[in-house]
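Below is one structure, written out as structure tokens; comments come after it.
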Amino acid sequence: MLVAAAMLAGATRAAASSPVQTGSVTLVDKTWICRGPVDLTSVSVTFDQNVADTSSTPGGHDAVHLGAGCTGHIGTLTVVQYHGDGVKVGGGSHDLVIDRGSIRCYGHDVGKHQDGIQAMGGTNVVFNRMDIQCDSANNSAFFVNRGTNSPELPTNVVCDSCFLQGGGITVRIGNSTDSGVRDSAVVPGHIAAVRIDQAGATDPVYVDNRAGVPGAGLGPEPSLALRRAGQHPLPLHVLRRGAVALVSTLVAVNRPATLTVAVSAAGGKPVWMLRASRVGAVATGIAHLRVIARAPSPTPVPLLLRLHGTAIHARALYRVTITATDAGGGRSTLQVPFRG
């Protein structure tokens, strides 16, 4: 499963003071530095093997810097690198989700400490379905450890459902909190597959991983899947509170998606959801026929829907329809019936 967190609240606060960068970014022989809110379809950075020395410029030979203030969403992140790091995660970056992407490292500068992803700071930065084959790395494919000048520990910086190859030790988890790799294929480096600094890493994340086959990559992306959460989801039932009928459940997706939630009677007649109905981090301010919210993965998304009690008749059949749509246009629909 993919990981993302309920990150929109932080991104919304940042967006209120800075314009959100949208569209796509394509750079050659130049570092992309993110310092503000983004909602980008794609970011692609290539450092060619013949690039001139840029070590004195901001970012040097690194492909991507996620700096202070960087927050939001990137659909696809693609890096080709012959010189420096693929991605650096710096202090002050926060609440950022990357849906998918790839990093290829084919060489590095003399004396360069190279990683596929190097996280020296950041809070709630999640890389989903990254295919990282950083074969020239002399350190790691994924390295998380507080930087000397970082104002914060890397916290919840995670690579989820990734393919990781490269470095002497493929995954290194140092001075950090709740950070690491989950549900991924890890090709062991010539020293080890993983090293965790037990003294410096607080609640390190290294779970549900498996040995990867060199060069295999991630393979085809699975179809978007939406499901009821929990081992034994119970049938929905209505809880009445005065004039309000409450319906609640949990749903989950296998990769980040947008949820659209609606309620209808058996004949298809829509039912209004009252103010303060909630889907994940989104709470309605007025009555709505649809509620739209972003769903992380694999964290379950709670639904608490407030309905007019007089509109929900005893023993009559109703249904909650949840539709998930991902960044690539994938779609999955779940209908959950309930009786009044």
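The values are calculated or read from the model by the stated rules, or taken from the named source; none is laboratory data. Quick caveat: nothing in here was measured; it's all calculated off a predicted structure. Positions of Cβ are generated from backbone atoms using ideal geometry, with glycine treated the same way; all protein chains shown enter the neighbour counts.
Go through region 261-277 and report how many residues are buried (at least 16 other Cβ atoms within 10 Å of the Cβ) and either at pLDDT below 95 or among the basic types (Lys, Arg) (or both).
Residues in region 261-277 being buried (at least 16 other Cβ atoms within 10 Å of the Cβ) and either at pLDDT below 95 or among the basic types (Lys, Arg) (or both): 1 in total.
Within 29 Å of the chain's Cα centre (by Cα), modelled with pLDDT of 90 or more, assigned by TED's automatic domain parsing to the domain that holds residue 240 and aliphatic (A, V, I, L, M): does that describe residue 312?
no
Could you list, in sequence order, all residues of region 61-70 that are modelled with pLDDT of 95 or more and not small (Gly, Ala, Ser)?
The answer is 64, 65, 66, 70.
Pick from 305, 334: which is within 23 Å of residue 286 (Cβ to Cβ), of a type outside the set (Lys, Arg) and within 32 Å of the chain's Cα centre (by Cα)?
305
Hey, any hits in region 227-235 for a residue that's in a strand (DSSP E or B) and either surrounded by 15 or more Cβ atoms within 10 Å (Cβ to Cβ) or not assigned by TED's automatic domain parsing to the domain that holds residue 137 (or both)?
So far as region 227-235 goes, yes, one or more of its residues are in a strand (DSSP E or B) and either surrounded by 15 or more Cβ atoms within 10 Å (Cβ to Cβ) or not assigned by TED's automatic domain parsing to the domain that holds residue 137 (or both).
I'd like to check something: does region 320-334 contain any residue that is among the charged types (D, E, K, R), surrounded by 15 or more Cβ atoms within 10 Å (Cβ to Cβ) and under 29 Å from residue 240 (Cα atoms)?
No, that holds for no residue.
Quick one: which residue in 238, 336, 253 is among the β-branched types (Val, Ile, Thr), within 22 Å of residue 100 (Cβ to Cβ) and at pLDDT below 95?
253
Of the conditions (1) assigned to a strand (DSSP E or B); (2) farther than 27 Å from residue 75 by Cβ; (3) of a type outside the set (Ser, Thr, Tyr), residue 261 fails just one. Which one is it?
Evaluating residue 261 over (1) assigned to a strand (DSSP E or B); (2) farther than 27 Å from residue 75 by Cβ; (3) of a type outside the set (Ser, Thr, Tyr) leaves (2) as the failure.
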